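Any read-out appearing in this document is the output of simple, stated calculations on the displayed coordinates, not a laboratory observation. Remember, it's a predicted structure, so these values are computed and weren't measured experimentally. We place every Cβ from the backbone using ideal geometry, glycine too, and count neighbours over all the protein chains shown.
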Amino acid sequence: MTSPTSPDDRAARRAVVQELRQQLQQLERSCRRPAGGDVLFSTGLRRLDQLLPGDGLLPGSLVEWLTADRGEGTATLAIVVAAQVLKHGGALVVVDGRGEFYPPAAQALGVAPERVVVVRPRNPRDTFWALEQALRSSGVAVVYGRVEGGDALVFRRLQLAAETGGSLGFLLRPATGRSQVCWADARLAVRAVPSPGPARPVDWRWRLRVELLHGRGKPGGDMVELELHDEDETHPLHLAPPLARPALSAGATGS
């Protein structure tokens, strides 16, 4: 039995619905979405592309980003990849139920502010509704949102919405989601790993290990280590260098 909805909750939802519809209609008039079909979009890093089914991002599909912690690095990685897709056209819709999204930070990662729509639903039910509506919009290239809970039917609806609209869905989920049925084309586990060498306080930097847990038509288990940092303003995503081997002592070299 569902709990009754108060008049205030219903009014708040109607306001969210109306605002989202207006913004999506505007996007459909003003934004040219990337070409769909079998066209693949690059993440901006060849090694990360190779981790994905089809060696890239296919419009009309979902990507799940699973993280074991608060996921700041995971969220940044997803936005950096979204910025690469937006180079081909379309808009980014951010469904931000927690109020965490900071537009200037996204702009620093290459996302133009005029190409972003932020929706702040009040509860998980409205979050899933907003994700579904945005995924169906013809002016949207990427839909990004942090989700918790939800059953197989909810994620199946999101997958069908992405297929219908031809957009990409980036869903940030807790690591507990890996035990659930996966309707995404790719499910990636992302976790921070120690970065070699001293970190400079003026830089932000994450070294992330990305593992493919599930890929449509591709076995899981492959992984790659990446670095996110602010040294390259044009593209903060780089393949992480291998850990350096310890230097041999003089005695070990025979000198």
Once both labels are modelled 7 Å past Cα along the beta-carbon direction, what's the Glu114-Val193 spacing in nm?
4.2 nm
Whole number please: convex hull volume per residue of the Cα set in region 35-240, in Å³?
112 Å³
On the formula 1/(1 + (r/R0)^6), with r taken between the Cβ atoms of Ser179 and Arg125 and R0 of 25 Å, the FRET efficiency rounded to 0.05 is 0.70
Please list log₁₀ I(q)/I(0) at q = 0.23 Å⁻¹ for region 54-164, using the Debye equation with identical point scatterers on the alpha-carbon positions.
-1.59
For Ser167, the residues 5 or more places away or on another chain with a placed amide H closer than 5 Å to its own amide H are Gly60
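What's the extension gain from Tyr102 to Val39 if we count 0.36 nm per residue and subtract their Cα-Cα distance?
That pair, Tyr102 and Val39, stretches by 19.7 nm at full extension.
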